[in-house]
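Worksheet: the structure to be examined is printed underneath.
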Amino acid sequence: MKTKKLPLRKCLGCNEMKPKKELLRVTKNQEGEIKIDLTGKAHGRGAYICQDKQCFERAKKTKAFNRAFESNVPDEIYEKLMQEID
């Protein structure tokens, strides 16, 4: 029997490829709304981050989410992400 291939995604904080299920997904939809996607199935451009405080701090400091979405990410999204990581 074939083994199922695990989808890998790159973390914005540490730039390591990790299994998709281990990462948190943040999306930007066509209307420009940026949301945390806990299901991993929401429509829109996705960016992934480890569930690690150091990765989150590094991504915030380097403005990795702003570059990934090509727009400014509101502070409330960062606060929600921090709550999810804790």
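The values are calculated or read from the model by the stated rules, or taken from the named source; none is laboratory data. Note that the coordinates shown come from a computational prediction; the quantities given were computed from them, not determined experimentally. Cβ atoms come from the backbone with ideal geometry, glycine included; neighbour counts cover every protein chain shown.
If I filter the range 34-54 for residues that are in a strand (DSSP E or B) and among the basic types (Lys, Arg), do I get at least one hit?
Within the range 34-54, the first condition is being in a strand (DSSP E or B), and the residues that meet it are 34-37, 45-50.
Still in the running and among the basic types (Lys, Arg): 35, 45.
Among the residues of the range 34-54, at least one is in a strand (DSSP E or B) and among the basic types (Lys, Arg), which makes the answer yes.
Would you say Val26 is part of a loop (DSSP other than H, G, I, E, B), among the β-branched types (Val, Ile, Thr), within 13 Å of the chain's Cα centre (by Cα) and surrounded by 14 or more Cβ atoms within 10 Å (Cβ to Cβ)? Quick ask: steps written out before the conclusion?
Values: part of a loop (DSSP other than H, G, I, E, B): no; among the β-branched types (Val, Ile, Thr): yes; within 13 Å of the chain's Cα centre (by Cα): yes; surrounded by 14 or more Cβ atoms within 10 Å (Cβ to Cβ): yes.
Against the criterion (part of a loop (DSSP other than H, G, I, E, B), among the β-branched types (Val, Ile, Thr), within 13 Å of the chain's Cα centre (by Cα) and surrounded by 14 or more Cβ atoms within 10 Å (Cβ to Cβ)), Val26 does not qualify.
Yes or no: Leu81 in contact with a Phe, Trp or Tyr (Cβ under 8 Å, 6 or more places away or on another chain), of a type outside the set (D, E, K, R) and in contact (Cβ under 8 Å) with a residue 60 or more places away in the chain? Give the derivation first.
Working: in contact with a Phe, Trp or Tyr (Cβ under 8 Å, 6 or more places away or on another chain): yes; of a type outside the set (D, E, K, R): yes; in contact (Cβ under 8 Å) with a residue 60 or more places away in the chain: no.
Considered against the rule, which asks whether it is in contact with a Phe, Trp or Tyr (Cβ under 8 Å, 6 or more places away or on another chain), of a type outside the set (D, E, K, R) and in contact (Cβ under 8 Å) with a residue 60 or more places away in the chain, Leu81 comes out as no.
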Quick check on the range 1-11: of everything there that is modelled with pLDDT of 95 or more and hydrophobic (A, V, I, L, M, F, W, C), which residue is surrounded by the most Cβ atoms within 10 Å (Cβ to Cβ)? Cys11
Are there any pairs with C-beta distances below 9 angstrom linking a residue in the range 24-48 that is touching a residue at least 40 places away in the same chain (Cβ under 8 Å) to a residue that is of a type in the set (S, T, N, Q), with the two at least 6 apart or on different chains, and if so which? Leu24/Gln51; Lys28/Ser71; Ile34/Thr27; Ile34/Ser71; Lys35/Thr27; Lys35/Asn29; Ile36/Thr27
Evaluation of Gly40 against (1) modelled with pLDDT of 95 or more; (2) surrounded by 15 or more Cβ atoms within 10 Å (Cβ to Cβ) (one fails), failing number: (1)
Tally up the residues in the range 59-73 that are assigned to a helix (DSSP H, G or I), surrounded by fewer than 19 Cβ atoms within 10 Å (Cβ to Cβ), under 14 Å from the mean Cα position of the chain (by Cα) and charged (D, E, K, R), please. 1
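Return the only residue of Lys2, Lys80 being outside any helix (DSSP H, G or I) and not β-branched (Val, Ile, Thr). Walk me through how you get there before you give the answer.
Values: Lys80 fails: outside any helix (DSSP H, G or I).
Result of the check over Lys2, Lys80: Lys2.
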Among (1) of a type in the set (Asp, Glu); (2) closer than 14 Å to Leu81 by Cα; (3) more than 11 Å from the chain's Cα centre (by Cα), which single condition is Asp37 missing? (3)
